[in-house]
Amino acid sequence: MRKTIIVSNRLPVKITEKDGEFSLQASEGGLATGLGSIYREGNNIWIGWPGQDIGDPKQQEKVMKQLKQMNLMPVYLTQEEINNFYEGFSNETLWPVFHYMAVYAHYEQTYWDAYEQVNRKFRDIILQVAEPGDIIWIHDYQLLLLPGMIRAEMPEISVGFFQHIPFPSYELFRLIPWRTEILEGMLGADLMGFHTFDDTRHFLNAASRLLPVTTTANVVSYNDRAIVVETFPMGIDYNKYASLGSDPEVLEQLQNLKENFQQDRLILSIDRLDYSKGILQRLQAFELLLQMHPEYIGKVVLYMIVVPSRDTVPQYKELRDEIDKQVGNINARFRTLSWHPVQYFYRSFPVEVLSALYNYADICLVTPMRDGMNLVSKEYVASRNNNDGVLILSEMAGASKELIDAIIVNPNNIGAITRAIVDALNMPLEEQERRMKQMRQVVSKFNINHWVKLFMTRLDEVNIMQQNMLARRVNQETAVLIRQQYKQSKRRIIFLDYDGTLVGFQPDIDQAAPDADLYHLLRELAAVPGSDVVMISGRKHETLGEWFGHLPLDLIAEHGAWQKTKEGEWYQLPGLTDKWKEEIIMMMEQCTDRTPGSFIEEKSYSLAWHYRKVESGLGELRANELMNTLRYYTVEKALQVLPGDKVIEVKNIEINKGKAALSWLHHKKYDFIMAMGDDVTDEDIFKALPAKAITIKVGSQVSAARYYLRSHHEVRHLLRTLKK
Ligand code: GDG
């Protein structure tokens with residue numbers, strides 16, 4: 001039976017050691033809860049590091065057995081691997097760069113080597129259990145190479161990947177020496193998920209700048225596979241937090257808090273120890289509050305929990321010392337005999353204590369410098385069953401894209417955080433309720449189960465889409481069928497586009513001249529008795545004439561404005577005008593003057609603005625601008641605007657490759673019709689030809705054509721083998 005394999009760096013389990021004996025407890029994290037509905041079922045499995053070095057092989061085996069009962073499978077890491085792979089590359093290279101703190105990043109070859117090695121270790125364990133048809137869902141930045149490694153071994157298997165931390169802008173990502181390897185690894189997945197639209201956009205941008213991929217909207221075509229990249233904002237177990245409020249243990253904790261703090265207003269702050277969480281800035285904002293608003297002295301308490309994390313890494317240790325110092329300073333400066341401004345705890349608490357705090361606190365202050373999502377903010381919202389309380393949330397947290405009714409702040413603006421605290425302390429109850437209700441609706445609907453369901457459903461859809469595409473790819477079987485039809489037919493016609501179909505693209509349009517191999521191929525094809533080969537291109541008729549006039553080919557130039565049979569002379573489509581060119585050329589010139597590398601190509605009845613040599617990004621931006629201007633202008637004229645591969649072309653609407661191709665079919669009766677093209681203009685041919693025609697799109701799979709091929713190399717190969 002088809003199974004699902006979840007893979008993450010850490011297993012959702014806590015192992016504790018007492019007198020050399022190890023005991024296991026399932027951990028309560030949001031992800032563990034959400035995926036619980038999956039990995040506990042049937043023969044599904046979760047693979048990861050148990051978080052504990054168990055040296056004794058006997059104990060290892062014992063633990064392994066217990067894990068197996070929980071559907072968990074361990075990947076044991078050595079201390080050296082933990083140092084270089086986990087603390088090293090994951091937390092000292094990827095973490096800082098992905099959180100926009102590139103100055104903290106270390107680029108060490110030994111870290112990278114260990115990262116590759118441990119990703120391979122995960123791969124090998126997965127390969128022990130994975131079978132064709134299974135689904136593998138890989139999580140987070142420690143395993144970026146794993147999707148590619150699995151793909152190399154099991155090309156057909158379904159792989160999903162979700163990144164829990166931000167994906168940075170290309171300008172940051174490009175700093176990493178192993179950036180292409182990382183992207184290639186990630187692109188082994190079929191579906192890739194990020195928390196926010198910005199992360200998704202950043203990934204697509206990095207992939208299209210660093211790798212030979214084509215991207216359309218959110219689909220990346222790479223190595224003949226379509227990979228879908230989408231935004232899936234992760235949710236929490238809403239019901240758990242909403243119902244914890246009536247748990248007896250939570251009620252007891254709540255009573256303690258009431259007795260301890262009485263009239264004090266409580267500001268809650270909960271994070272893992274991390275420089276990305278903005279803990280120091282938060283303390284500064286609180287200090288500023290007491291300084292600027294002495295009326296709050298003795299009345300407001302900052303309850304700050306920092307959960308120990310990575311404190312063997314130097315930056316984290318320094319951060320911890322700095323927090324100690326700042327908390328000490330604030331308390332020394334403002335405390336009274338009966339009141340401590342900052343209640344600081346460097347440890348973790350049971351979830352019941354957190355729940356009591358979420359229930360009790362008037363304000364939850366969440367101000368990370370960068371955060372993939374931030375679950376604490378959502379947990380606070382879910383806990384507020386009375387719909388009161390105020391959330392102050394950093395605009396740099398992924399959660400701020402959903403919780404728009406929070407007070408949103410820039411975490412670098414200390415004054416703004418202080419003002420937000422004052423606003424929150426004075427917010428009327430009705431406004432608190434209005435905001436909280438809205439946020440609770442969002443957190444309740446987009447909960448963790450919803451997130452898991454969305455991702456898994458989408459992964460299934462992507463796999464079906466890929467299978468459909470694969471079925472359309474010309475493979476050995478279809479090639480045999482095409483060859484059979486070709487052989488059995490008496491009168492054949494083959495329409496061939498030129499650029500992108502028979503030759504690759506070149507920076508200069510004149511460089512893409514035909515080579516000896518292509519001449520030979522075309523000559524052979526045209527020499528087969530009963531065959532017409534028609535070159536159908538957007539190129540100028542002069543160029544086509546110069547390149548192919550001496551061959552026994554029919555030629556259709558400028559999308560159909562000029563036509564020539566092999567025996568005849570060039571003739572023009574009647575009734576065409578070129579009066580419109582004057583105005584359009586002015587618009588294109590304006591664009592060319594502002595865009596280094598772009599140029600205009602003038603043909604008899606069309607104008608093309610080329611931007612292949614323009615800086616990546618700028619070209620697309622200008623092309624969009626030009627498209628908008630042209631669309632507006634051409635709407636009432638008999639003109640058509642065609643966006644092509646790094647080119648925008650304007651032509652008379654009467655000219656159309658589809659119409660031109662059809663006119664060829666009127667002359668003779670053909671029993672074999674084939675057309676190949678790579679461009680939007682070729683879609684007109686695919687649509688115009690009769691259904692029995694063999695239509696083949698080159699380069700991308702989205703098309704009206706029946707089949708597709710990857711490149712002009714494959715086109716030539718298919719043509720070459722037609723006669724065999
Ligand atoms: C990464 C991304 C993204 C905290 N203290 C205690 C405790 N916690 C729990 C919270 C919350 C979780 O830890 C922290 O989650 P965050 O989302 O806030 O932050 P990261 O750990 O950095 O998580 C982040 C997340 O992945 C999910 O994709 O949102 O952006 O950085 O659930 O409740 N739990 C207990 N005791 C504590 O003292 N039991």
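The values are calculated or read from the model by the stated rules, or taken from the named source; none is laboratory data. Being a predicted model, the structure only gives us computed values, none of them experimental. In this analysis, Cβ positions are derived from the backbone assuming ideal geometry, glycine residues included, and neighbour counts consider all displayed protein chains. Calculation scope for accessible area: heavy atoms of the full protein, side chains included, ligands and nucleic acids excluded. Shrake-Rupley method; radii C 1.70, N 1.55, O 1.52, S 1.80 Å.
Can you pull out the residues in region 347-369 that are within 12 Å of the ligand (Cβ to nearest atom), farther than 25 Å from Pro233 by Cα and part of a loop (DSSP other than H, G, I, E, B)?
Of everything in region 347-369, those that are within 12 Å of the ligand (Cβ to nearest atom), farther than 25 Å from Pro233 by Cα and part of a loop (DSSP other than H, G, I, E, B) turn out to be Arg347, Ser348, Phe349, Pro350.
Starting from region 502-516, keep only residues that are under 22 Å from Ile696 (Cβ atoms), then list their pairs with residues that are surrounded by 11 or more Cβ atoms within 10 Å (Cβ to Cβ) and charged (D, E, K, R) whose Cβ atoms are within a distance under 8 Å, requiring at least 6 positions of separation or different chains.
Leu502/Arg716; Val503/Asp515; Phe505/Asp499; Phe505/Arg612; Phe505/Asp645; Phe505/Lys646; Ala512/Asp499
Can you confirm whether Met676 is within 30 Å of Gln466 (Cα to Cα) and either touching a residue at least 60 places away in the same chain (Cβ under 8 Å) or surrounded by fewer than 18 Cβ atoms within 10 Å (Cβ to Cβ) (or both)? Talk me through it step by step, then tell me what you get.
Working: within 30 Å of Gln466 (Cα to Cα): yes; either touching a residue at least 60 places away in the same chain (Cβ under 8 Å) or surrounded by fewer than 18 Cβ atoms within 10 Å (Cβ to Cβ) (or both): yes.
So Met676 passes the test.
So in region 532-555, with the set limited to residues that are of a type outside the set (Val, Ile, Thr) and in a helix (DSSP H, G or I), which one is most open to solvent (accessible area, probe 1.4 Å)?
Only one residue fits best here, namely Glu546.
Which of the residues that make up region 243-258 are open to solvent by less than 50 Å² (accessible area, probe 1.4 Å) and within 18 Å of Val376 (Cβ to Cβ)? Can you show your working first?
As a first pass, look at region 243-258 and keep what is open to solvent by less than 50 Å² (accessible area, probe 1.4 Å): 244-245, 247, 250, 254, 257.
Within region 243-258, Leu244, Gly245, Val250, Leu257 meet the criteria.
Every residue, every condition in (1) under 28 Å from the mean Cα position of the chain (by Cα); (2) hydroxyl-bearing (Ser, Thr, Tyr); (3) at pLDDT 95 or above, yes or no:
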| position | (1), (2), (3) |
| --- | --- |
| Gln25 | no, no, no |
| Phe85 | yes, no, yes |
| Asn91 | yes, no, no |
| Tyr100 | yes, yes, yes |
| Tyr115 | yes, yes, yes |
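Just the residues that are under 17 Å from the mean Cα position of the chain (by Cα), more than 16 Å from the ligand (Cβ to nearest atom) and in a helix (DSSP H, G or I), please, taken from region 124-172.
Answer for region 124-172, where residues must be under 17 Å from the mean Cα position of the chain (by Cα), more than 16 Å from the ligand (Cβ to nearest atom) and in a helix (DSSP H, G or I): Leu146, Pro147, Gly148, Tyr170, Glu171, Leu172.
Residue check: is Glu171 acidic (Asp, Glu), free of Cβ contacts under 8 Å to residues at least 60 places away in the same chain and surrounded by fewer than 20 Cβ atoms within 10 Å (Cβ to Cβ)? Outline the logic, then answer.
On the way: acidic (Asp, Glu): yes; free of Cβ contacts under 8 Å to residues at least 60 places away in the same chain: yes; surrounded by fewer than 20 Cβ atoms within 10 Å (Cβ to Cβ): yes.
Spelling it out, Glu171 is indeed acidic (Asp, Glu), free of Cβ contacts under 8 Å to residues at least 60 places away in the same chain and surrounded by fewer than 20 Cβ atoms within 10 Å (Cβ to Cβ).
Can you tell me which residues in region 577-598 are surrounded by fewer than 18 Cβ atoms within 10 Å (Cβ to Cβ) and part of a loop (DSSP other than H, G, I, E, B)?
Within region 577-598, Thr577, Asp578, Lys579, Arg594, Pro596, Gly597 meet the criteria.
Might you let me know whether region 709-724 holds any residue that is of a type outside the set (Phe, Trp, Tyr), free of Cβ contacts under 8 Å to residues at least 60 places away in the same chain and open to solvent by less than 10 Å² (accessible area, probe 1.4 Å)? Steps first, answer last, please.
From region 709-724, those of a type outside the set (Phe, Trp, Tyr) are 709-724; that's our starting set.
Then drop every residue that is not free of Cβ contacts under 8 Å to residues at least 60 places away in the same chain, which leaves 713, 717.
Next cut, open to solvent by less than 10 Å² (accessible area, probe 1.4 Å) only: none.
Within region 709-724 (the criterion being of a type outside the set (Phe, Trp, Tyr), free of Cβ contacts under 8 Å to residues at least 60 places away in the same chain and open to solvent by less than 10 Å² (accessible area, probe 1.4 Å)), the answer is no, since none of the residues qualifies.
Of the residues Lys613, Lys659, Lys637, Lys669, which is in contact with a Gly (Cβ under 9 Å, 6 or more places away or on another chain) and outside any helix (DSSP H, G or I)?
Numbers: Lys659 fails: outside any helix (DSSP H, G or I); Lys637 fails: in contact with a Gly (Cβ under 9 Å, 6 or more places away or on another chain); Lys669 fails: in contact with a Gly (Cβ under 9 Å, 6 or more places away or on another chain).
Testing whether each residue is in contact with a Gly (Cβ under 9 Å, 6 or more places away or on another chain) and outside any helix (DSSP H, G or I) leaves just Lys613.
Could you list, in sequence order, all residues of region 318-354 that are surrounded by fewer than 17 Cβ atoms within 10 Å (Cβ to Cβ), under 21 Å from Arg265 (Cβ atoms) and among the hydroxyl-bearing types (Ser, Thr, Tyr)?
Matches in region 318-354: Thr336, Ser338.
Collect the residues in region 174-197 that are open to solvent by less than 30 Å² (accessible area, probe 1.4 Å) and not aliphatic (A, V, I, L, M), keeping them in residue-number order. First the steps, then the outcome.
Of the residues in region 174-197, the ones open to solvent by less than 30 Å² (accessible area, probe 1.4 Å) are 176, 178, 182-183, 185-196.
If the condition is that a residue be open to solvent by less than 30 Å² (accessible area, probe 1.4 Å) and not aliphatic (A, V, I, L, M), then Trp178, Gly185, Gly188, Asp190, Gly193, Phe194, His195, Thr196 are the ones that fit.
Go through region 268-310 residue by residue and tally those that are over 21 Å from Asn359 (Cβ atoms), away from the ligand (no atom under 16 Å from the Cβ) and either part of a helix (DSSP H, G or I) or open to solvent by less than 10 Å² (accessible area, probe 1.4 Å) (or both).
Of the residues in region 268-310, 15 are over 21 Å from Asn359 (Cβ atoms), away from the ligand (no atom under 16 Å from the Cβ) and either part of a helix (DSSP H, G or I) or open to solvent by less than 10 Å² (accessible area, probe 1.4 Å) (or both).
Could you count how many residues in region 558-574 are in a loop (DSSP other than H, G, I, E, B) and not hydroxyl-bearing (Ser, Thr, Tyr)?
Pass one, region 558-574, residues in a loop (DSSP other than H, G, I, E, B): 561, 565-570, 573-574.
Filter again for not hydroxyl-bearing (Ser, Thr, Tyr), leaving 561, 566-570, 573-574.
Residues meeting the conditions: 8.
Determine whether region 478-497 contains at least one residue that is part of a loop (DSSP other than H, G, I, E, B), aromatic (Phe, Trp, Tyr) and either crowded, with 18+ Cβ neighbours inside 10 Å or out of contact with any Ser or Thr (no Cβ under 8 Å at 6 or more places or on another chain) (or both). Even if it seems obvious, please write down each step before you answer.
Looking only at region 478-497, we keep the residues that are part of a loop (DSSP other than H, G, I, E, B), and these are 489-491, 497.
Next cut, aromatic (Phe, Trp, Tyr) only: none.
No, every residue in region 478-497 fails to be part of a loop (DSSP other than H, G, I, E, B), aromatic (Phe, Trp, Tyr) and either crowded, with 18+ Cβ neighbours inside 10 Å or out of contact with any Ser or Thr (no Cβ under 8 Å at 6 or more places or on another chain) (or both).
Every residue, every condition in (1) within 16 Å of the ligand (Cβ to nearest atom); (2) surrounded by 24 or more Cβ atoms within 10 Å (Cβ to Cβ); (3) on the phi > 0 side of the Ramachandran plot; (4) hydrophobic (A, V, I, L, M, F, W, C), yes or no:
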residue	(1), (2), (3), (4)
Asp371	yes, yes, no, no
Ser377	yes, yes, no, no
Arg384	yes, yes, no, no
Leu391	yes, yes, no, yes
Ser394	yes, yes, no, no
Lys401	yes, no, no, no
Val422	no, no, no, yes
Gln438	no, no, no, no
Ser444	no, no, no, no
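List the pairs whose first member sits in region 265-289 and is touching a residue at least 24 places away in the same chain (Cβ under 8 Å) and of a type in the set (D, E, K, R), whose second member is open to solvent by 20 Å² or more (accessible area, probe 1.4 Å) and more than 16 Å from the ligand (Cβ to nearest atom), and whose Cβ atoms are under 7 Å apart, counting only residues at least 6 apart or on separate chains?
Final answer for the pair search is Arg265/Lys299; Arg265/Asp362.
Would region 259-267 turn up any residue that is away from the ligand (no atom under 16 Å from the Cβ), assigned by TED's automatic domain parsing to the domain that holds Ile363, surrounded by fewer than 16 Cβ atoms within 10 Å (Cβ to Cβ) and assigned to a helix (DSSP H, G or I)?
So far as region 259-267 goes, yes, one or more of its residues are away from the ligand (no atom under 16 Å from the Cβ), assigned by TED's automatic domain parsing to the domain that holds Ile363, surrounded by fewer than 16 Cβ atoms within 10 Å (Cβ to Cβ) and assigned to a helix (DSSP H, G or I).
Is there a residue in region 466-474 that is in contact with a helix residue (DSSP H, G or I) (Cβ under 7 Å, 6 or more places away or on another chain) and either in a helix (DSSP H, G or I) or under 26 Å from Ile236 (Cα atoms) (or both)? Step through it out loud before you land on a result.
Step one: filter region 466-474 for residues in contact with a helix residue (DSSP H, G or I) (Cβ under 7 Å, 6 or more places away or on another chain), giving 474.
Next cut, either in a helix (DSSP H, G or I) or under 26 Å from Ile236 (Cα atoms) (or both) only: none.
Within region 466-474 (the criterion being in contact with a helix residue (DSSP H, G or I) (Cβ under 7 Å, 6 or more places away or on another chain) and either in a helix (DSSP H, G or I) or under 26 Å from Ile236 (Cα atoms) (or both)), the answer is no, since none of the residues qualifies.
Which residue out of Ala226, Ala217 is surrounded by fewer than 16 Cβ atoms within 10 Å (Cβ to Cβ), assigned by TED's automatic domain parsing to the domain that holds Gln163 and within 30 Å of Glu620 (Cβ to Cβ)? Explain how you work it out, then say what you get.
Numbers: Ala226 fails: surrounded by fewer than 16 Cβ atoms within 10 Å (Cβ to Cβ).
The match here is Ala217.
Can Thr200 be described as within 26 Å of Leu403 (Cβ to Cβ) and crowded, with 20+ Cβ neighbours inside 10 Å?
On the way: within 26 Å of Leu403 (Cβ to Cβ): yes; crowded, with 20+ Cβ neighbours inside 10 Å: yes.
Judged against the criteria, Thr200 is a match.
Does region 312-327 hold any residues that are over 21 Å from Thr367 (Cβ atoms) and either among the acidic types (Asp, Glu) or free of Cβ contacts under 8 Å to residues at least 60 places away in the same chain (or both), and which are they?
Taking region 312-327 as the starting set, the residues that turn out to be over 21 Å from Thr367 (Cβ atoms) are 312-314, 317.
Selection gives Pro314, Lys317.
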